[in-house]
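This report concerns only the one structure given below.
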Amino acid sequence: MWIEVVVSACPEAELAPPVNAEAISDIERRLGDSVPADLRALLFETDGVLGEYALDVVWTAKRIAEDNARFRADASFAELYQPFDGLLFFGDNGGGDQFAFVVDDPRAGVVVWEHETDCRRKVADGLADYLRQILSSDGDEWYDQR
């Protein structure tokens with residue numbers, strides 16, 4: 001299902017081989033949070049999605065685990081930004097803004113963290129909505145207008 005969503009929005013998107021249950025367990029073990037059901041299902045179909053210009057639309061399972069762990073533990077980030085513990089980052093815009101799920105609220109959809117302002121706001125109703133928007137846009141205007 002997820003591959004069809006991606007390909008219908010961007011036939012040029014690059015898809016990686018799927019992950020196994022161990023990769024998902026590693027994310028959950030390292031972060032102490034469950035991987036949202038939609039993201040879990042997507043990773044079981046493809047370990048990441050690259051859009052045009054190698055945009056990291058959905059990170060690999062390894063990057064999800066590593067980047068989230070680093071963001072949560074980095075003391076310099078704690079001085080600059082609100083805590084990241086409530087977010088599960090999974091993609092970015094290539095310029096520093098990152099996309100995440102709110103860990104405790106699956107109904108919150110997808111939020112963007114704008115790195116320059118530390119603003120966090122909803123930009124998509126869910127993973128499918130996020131994929132359709134980011135893969136069919138020509139830049140950041142899809143979430144700047146929301």
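Filter the stretch 109-136 for residues that are assigned to a helix (DSSP H, G or I) and small (Gly, Ala, Ser); which is surrounded by the fewest Cβ atoms within 10 Å (Cβ to Cβ)? Step by step, filter the stretch 109-136, then rank; the result is Ser136. Quick check on Asp125: is it touching a Ser or Thr at 6+ places or on another chain (Cβ under 6 Å) and on the phi < 0 side of the Ramachandran plot? When the stated conditions are applied, Asp125 does not pass them.
Residues that are of a type in the set (Gly, Ala, Ser) and in a helix (DSSP H, G or I): does the stretch 2-20 have at least one? Among the residues of the stretch 2-20, at least one is of a type in the set (Gly, Ala, Ser) and in a helix (DSSP H, G or I), which makes the answer yes. Restricting the stretch 1-20 to residues that are in contact (Cβ under 8 Å) with a residue 60 or more places away in the chain and among the aliphatic types (A, V, I, L, M) leaves a set whose member that is farthest from Thr60 (Cα to Cα) is Ala9.
Determine, yes or no, whether Tyr130 is modelled with pLDDT of 95 or more and of a type in the set (Phe, Trp, Tyr). Show your work before the answer.
Details: modelled with pLDDT of 95 or more: yes; of a type in the set (Phe, Trp, Tyr): yes.
Taking the combined requirement at face value, the residue satisfies it.
The values are calculated or read from the model by the stated rules, or taken from the named source; none is laboratory data. Everything numeric here is computed off the predicted structure, so don't read it as measured data. All Cβ positions, even for glycine, are placed from backbone atoms using ideal geometry, and neighbour counts span all protein chains on display.
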